[in-house]
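Participant: Before I ask anything, here is the structure I am working with.
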Amino acid sequence: MPNPTEKIWDHERQRRNQKLARAASALGASQRDKVVPADMAVQLLEAVLEPGDRVCLEGNNQKQADFLAQALTRVDPARVNKLHMLQSVLALPEHLDLYELGIAEQLDFSFSGPQAARLARMVGKGQIRIGAIHTYLELFSRYFVDLTPHVALVVAQSADAQGNLYTGPNTEDTPAIIEATAFKNGIVIAQVNELVDKVPRVDIPGDWVNFVIPSPRPHFIEPLFTRDPAQISEIQVLMAMMAIKGIYAEYGVQRLNHGIGFDTAAIELLLPTYAASLGLKGKICSHWALNPHPAMIPAIEAGFVKSIHSFGSELGMENYIAARPDVFFTGADGTMRSNRAFSQAAGHYACDLFIGSTLQIDLAGNSSTATLDRISGFGGAPNMGADAAGRRHASPAWLRAGEQARSQRPGIPRGRKLVVQMVETFREHMQPAFVAELDAWKLAESAGMPLPPVMIYGDDVTHILTEEGIANLLLCANAEEREQAIRGVAGYTEMGLGRDLRIVENLRDRGVIQRAEDLGIDKRDATRDLLAARSIKDLVRASGGLYQPPVRFRNW
Amino acid sequence: MTMENLKYRFDGGKPTPGVAAIVGVLGSGNLEVMVEPAALGGACEIEVSTAARGFGAIWQAVMGDFFARHRAGDIRILVNDAGATPAIVSLRLDQAIETYTAKGQMPKQMPKKEK
């Protein structure tokens, strides 16, 4: 018996043991080793969850613990309630049903793409309390500080009876979640597509996992990073030419991350054609923190790419990746190992350039994807699209960007990450990309947020690239010049039409603004003929048949 | 949805002979541009039919810049727009006038670049 006056140091472990004892009694003989049958999932959750628990429900950018999410919506709200949900991505309707059912109360998350509109409505009605909207690295970091999960509901490809997990190409967030949960007295439950005698490789050791549930169906996974080259426009080709010649070649960018979209897909497809014709092979784009975009296949085949580390995988790319271990990170079994936390850190600290798109940019260069009726969150862009203030190693691109920054604001020598926002001045339906005030301000007010949800802050942005040209914000002497540099590439939007012609021409003379013709690019050369692949079928062909696109991308 | 019709006239261009030409396609986010010769005393007349209403000022600016670039007179341009952005509109106009003045020759092809 412990001395009753002695301080107790294992409250949490005792609580976990009580939960495990309750689970053992609820499951009885239905549990064999760590394996629990799917029809006992709800009983298991009711046994291990207590009101107010912090629960990490694995919703990744791509793979989803969908069976466990459905099971969680079926627990008795009288027993399980006031849960505090932690999720990097809100992707499924069940993720929000939990709040309507009275099971969950508070949410801390990163990205809510498909559920953004419903989330905004529910926040407006007071049905859901948001702690904060994070970037991925920020949320993972809090798992180890003040948001450590009591219970983690994760997803893997396969498991053995001892709980060893194979997460395979789409490992994504799983290691970060389990690391935080298993080593701080939490409980880990994994849904798996199949139970096997021996997993192809051990991605998560079995003694970090408490329960394994073979799911009735394979988990849901979304091919988020596939863009059909057939939909790339001539304007996007033109912008990609300007990015390659005006930025990648100019700074000698060797290590980078691309946001997802047709704009960046166009750059990827111009590497083996246009960039090669400029003699840039080996001089740019060697090392990447990037999901395995199918649009990268022609550049990889042309020998442009030395390495790619990925946040997650991409459906259809598995065999191609497995056949290119010099490029991708693969396990002894041959399949890829992704890891969102490490790849985000790589994108933040070890890349010299981020380029991505956005919905709105204001005249200070702040950008946001938030609109009044959608709380979409951030995902990874802010980690990539921010100067890494903690970086200390030098590279030519980083030093040159730092030199340009110091030409306007003298200080001790240091480098600078290149952060490029690439947008057409108007989006579809004539929505202007340049605005006087971001919708994020109104959203913050209506949803009671402490700050407007800015995706990339203006002082982190170094270049804005539109079909009208490139504005180099590093070379702007003051806020007024910066505003005119942005107006000077804002095309026919109200912000663009409001430019001061004299200042803009002066900025152009100084090379702060560069038009296509200033870069020696003839707009008439910007045709789709420059794309190394003009269809999904071309990508399949370029991969030697190894890329197997999901059915929805097959139109032949 | 009813279409909006917009008309523009720019005087003082240089007479620009050519053969009637049509470029682009009438698909979503795209547009069709037709150019034909017309005895307009050096003027350029442009008629726009667009599904996107309320953007007259932007069309005015796009067309004004187009005329400033080429100063092409004695032509009539008809535009059928299905929600193209100004960038696409400018590109198609440039392609159309180039095809028109090439007098029936094929439009300029991208020079093949070799390694």
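The values are calculated or read from the model by the stated rules, or taken from the named source; none is laboratory data. All values derive from a computational prediction rather than experimental measurement. Neighbour counts run over all protein chains shown; Cβ positions are idealised from the backbone, glycine included.
Participant: Looking at (1) surrounded by 21 or more Cβ atoms within 10 Å (Cβ to Cβ); (2) under 27 Å from A:N170 (Cα atoms), which is the one condition that is false for A:G113?
Facilitator: Single failed check for A:G113: (1).
Participant: Run down A:V435, A:V489 and say which single residue is of a type in the set (V, I, T) and over 20 Å from A:E517 (Cβ atoms).
Facilitator: Numbers: A:V489 fails: over 20 Å from A:E517 (Cβ atoms).
None of the other options fit; the residue is A:V435.
Participant: Right, next: Can you tell me which residue is nearest to the other protein chains (Cβ to nearest Cβ) among those in region A:272-309 that are small (G, A, S) and in contact (Cβ under 8 Å) with a residue 40 or more places away in the chain? Quick ask: steps written out before the conclusion?
Facilitator: Looking only at region A:272-309, we keep the residues that are small (G, A, S), and these are A:275-277, A:279, A:282, A:286, A:289, A:295, A:299, A:302-303, A:307.
Pick out the ones that are also in contact (Cβ under 8 Å) with a residue 40 or more places away in the chain and you get A:289, A:295, A:299, A:302.
Values: A:A289: 28, A:A295: 20, A:A299: 14, A:A302: 10 Å.
If we take residues in region A:272-309 being small (G, A, S) and in contact (Cβ under 8 Å) with a residue 40 or more places away in the chain, then A:A302 is nearest to the other protein chains (Cβ to nearest Cβ).
Participant: Sticking with this one: Can you tell me which of (1) more than 14 Å from every other protein chain (Cβ to nearest Cβ); (2) over 22 Å from the mean Cα position of the chain (by Cα) is the one A:T371 doesn't meet?
Facilitator: Condition not satisfied by A:T371: (2).
Participant: Could you list, in sequence order, the residues of region A:492-521 that are in contact (Cβ under 8 Å) with a residue 24 or more places away in the chain, surrounded by 19 or more Cβ atoms within 10 Å (Cβ to Cβ) and not in a strand (DSSP E or B)?
Facilitator: A:Y492, A:T493, A:M495, A:G496, A:L507, A:V512, A:A516, A:I521
Participant: Let me ask another. Within region A:197-219, identify whether any single residue is of a type outside the set (S, T, N, Q), over 21 Å from A:G331 (Cα atoms) and under 22 Å from the mean Cα position of the chain (by Cα), and answer yes or no.
Facilitator: The answer is yes, given that some residue of region A:197-219 is of a type outside the set (S, T, N, Q), over 21 Å from A:G331 (Cα atoms) and under 22 Å from the mean Cα position of the chain (by Cα).
Participant: Among the listed residues B:V33, B:V25, B:V79, identify the single one that is out of contact with any Lys or Arg (no Cβ under 7 Å at 6 or more places or on another chain) and surrounded by 22 or more Cβ atoms within 10 Å (Cβ to Cβ).
Facilitator: B:V79
Participant: Within the group B:V23, B:V48, which residue is under 15 Å from B:S90 (Cβ atoms) and within 12 Å of chain A (Cβ to nearest Cβ)? Before the answer, list the steps.
Facilitator: Values: B:V48 fails: within 12 Å of chain A (Cβ to nearest Cβ).
Residue meeting the stated conditions: B:V23.
Participant: Also: Any residue that is in contact with a helix residue (DSSP H, G or I) (Cβ under 9 Å, 6 or more places away or on another chain), more than 10 Å from every other protein chain (Cβ to nearest Cβ) and among the hydrophobic types (A, V, I, L, M, F, W, C) - is there at least one of those in region B:80-92?
Facilitator: Restricting attention to region B:80-92, the residues satisfying the condition of being in contact with a helix residue (DSSP H, G or I) (Cβ under 9 Å, 6 or more places away or on another chain) are B:81, B:83-91.
Okay, now just the ones that are also more than 10 Å from every other protein chain (Cβ to nearest Cβ), so B:81.
Restricting the remaining residues to those that are among the hydrophobic types (A, V, I, L, M, F, W, C) gives none.
No, there is no match, as no residue in region B:80-92 is in contact with a helix residue (DSSP H, G or I) (Cβ under 9 Å, 6 or more places away or on another chain), more than 10 Å from every other protein chain (Cβ to nearest Cβ) and among the hydrophobic types (A, V, I, L, M, F, W, C).
Participant: From the residues in region A:454-481 that are in a strand (DSSP E or B) and not small (G, A, S), which one is farthest from the other protein chains (Cβ to nearest Cβ)? Please lay out each step first, then the result.
Facilitator: Going residue by residue through region A:454-481, those that are in a strand (DSSP E or B) are A:456, A:463-466, A:469-472.
With not small (G, A, S) added as a condition, the list becomes A:456, A:463-466, A:470, A:472.
Working: A:I456: 23, A:H463: 18, A:I464: 15, A:L465: 13, A:T466: 8, A:I470: 15, A:N472: 21 Å.
Across region A:454-481, the extreme among qualifying residues is A:I456.
Participant: Give the residue that is surrounded by the most Cβ atoms within 10 Å (Cβ to Cβ), with candidates limited to residues of region A:522-537 that are assigned to a helix (DSSP H, G or I) and facing chain B (nearest Cβ under 8 Å). Before the answer, list the steps.
Facilitator: Restricting attention to region A:522-537, the residues satisfying the condition of being assigned to a helix (DSSP H, G or I) are A:523-525, A:528-530, A:536-537.
Narrowing further to those that are facing chain B (nearest Cβ under 8 Å): A:523-525, A:529-530.
On the way: A:K523: 18, A:R524: 17, A:D525: 18, A:D529: 13, A:L530: 22.
Looking at residues that are assigned to a helix (DSSP H, G or I) and facing chain B (nearest Cβ under 8 Å), I get A:L530.
Participant: Can you pull out the residues in region A:405-442 that are touching a residue at least 24 places away in the same chain (Cβ under 8 Å) and farther than 29 Å from A:F262 by Cβ?
Facilitator: Of everything in region A:405-442, those that are touching a residue at least 24 places away in the same chain (Cβ under 8 Å) and farther than 29 Å from A:F262 by Cβ turn out to be A:A405, A:S407, A:Q408, A:G415.
Participant: Where residues in region A:421-453 are crowded, with 22+ Cβ neighbours inside 10 Å, away from chain B (no Cβ under 14 Å) and not in a strand (DSSP E or B), which of them is nearest to the chain's Cα centre (by Cα)?
Facilitator: Result: A:A440.
Participant: Of the residues A:Q31, A:Q106, A:Q127, which is more than 18 Å from A:I221 (Cα to Cα) and over 28 Å from the mean Cα position of the chain (by Cα)?
Facilitator: A:Q31 is the lone residue from the list that is more than 18 Å from A:I221 (Cα to Cα) and over 28 Å from the mean Cα position of the chain (by Cα).
Participant: Among the candidates A:L107, A:L139, A:L147, A:L86, single out the residue that is modelled with pLDDT of 95 or more and part of a loop (DSSP other than H, G, I, E, B). First the steps, then the outcome.
Facilitator: Numbers: A:L107 fails: part of a loop (DSSP other than H, G, I, E, B); A:L139 fails: part of a loop (DSSP other than H, G, I, E, B); A:L86 fails: part of a loop (DSSP other than H, G, I, E, B).
It is A:L147.
Participant: Let me ask you something else. What single numbered condition from (1) surrounded by fewer than 24 Cβ atoms within 10 Å (Cβ to Cβ); (2) part of a loop (DSSP other than H, G, I, E, B) fails to hold for A:P272?
Facilitator: With (1) surrounded by fewer than 24 Cβ atoms within 10 Å (Cβ to Cβ); (2) part of a loop (DSSP other than H, G, I, E, B) applied to A:P272, the lone miss is (2).
Participant: Pull up region A:542-556, narrow it to residues that are within 14 Å of A:A295 (Cβ to Cβ) and part of a helix (DSSP H, G or I), then point me to the one that is nearest to the other protein chains (Cβ to nearest Cβ). Break it down into steps so the answer makes sense when it comes.
Facilitator: The initial filter retains those residues of region A:542-556 that are within 14 Å of A:A295 (Cβ to Cβ), namely A:542-543, A:547, A:549, A:553.
Still in the running and part of a helix (DSSP H, G or I): A:542, A:553.
Details: A:A542: 17, A:F553: 19 Å.
Result: A:A542.
Participant: Just the residues that are within 13 Å of the chain's Cα centre (by Cα) and either aliphatic (A, V, I, L, M) or surrounded by 22 or more Cβ atoms within 10 Å (Cβ to Cβ) (or both), please, taken from region A:332-347.
Facilitator: Answer for region A:332-347, where residues must be within 13 Å of the chain's Cα centre (by Cα) and either aliphatic (A, V, I, L, M) or surrounded by 22 or more Cβ atoms within 10 Å (Cβ to Cβ) (or both): A:S338, A:N339, A:R340, A:A341, A:S343, A:Q344, A:A345, A:A346, A:G347.
Participant: Quick one: A:P229 ticks every box in (1) within 14 Å of chain B (Cβ to nearest Cβ); (2) at pLDDT 95 or above; (3) surrounded by fewer than 24 Cβ atoms within 10 Å (Cβ to Cβ); (4) more than 19 Å from the chain's Cα centre (by Cα) except a single one, so which number is it?
Facilitator: All conditions pass for A:P229, except number (1).
Participant: Give region A:21-71 a look and list any residue that's free of Cβ contacts under 8 Å to residues at least 12 places away in the same chain and either on the phi > 0 side of the Ramachandran plot or buried (at least 21 other Cβ atoms within 10 Å of the Cβ) (or both), or say none.
Facilitator: A:G28
Participant: Would you mind finding the one in A:L86, A:L107, A:L90 that is under 22 Å from A:K63 (Cα atoms), buried (at least 23 other Cβ atoms within 10 Å of the Cβ) and touching a Cys at 6+ places or on another chain (Cβ under 7 Å)?
Facilitator: So the residue among A:L86, A:L107, A:L90 that is under 22 Å from A:K63 (Cα atoms), buried (at least 23 other Cβ atoms within 10 Å of the Cβ) and touching a Cys at 6+ places or on another chain (Cβ under 7 Å) is A:L86.
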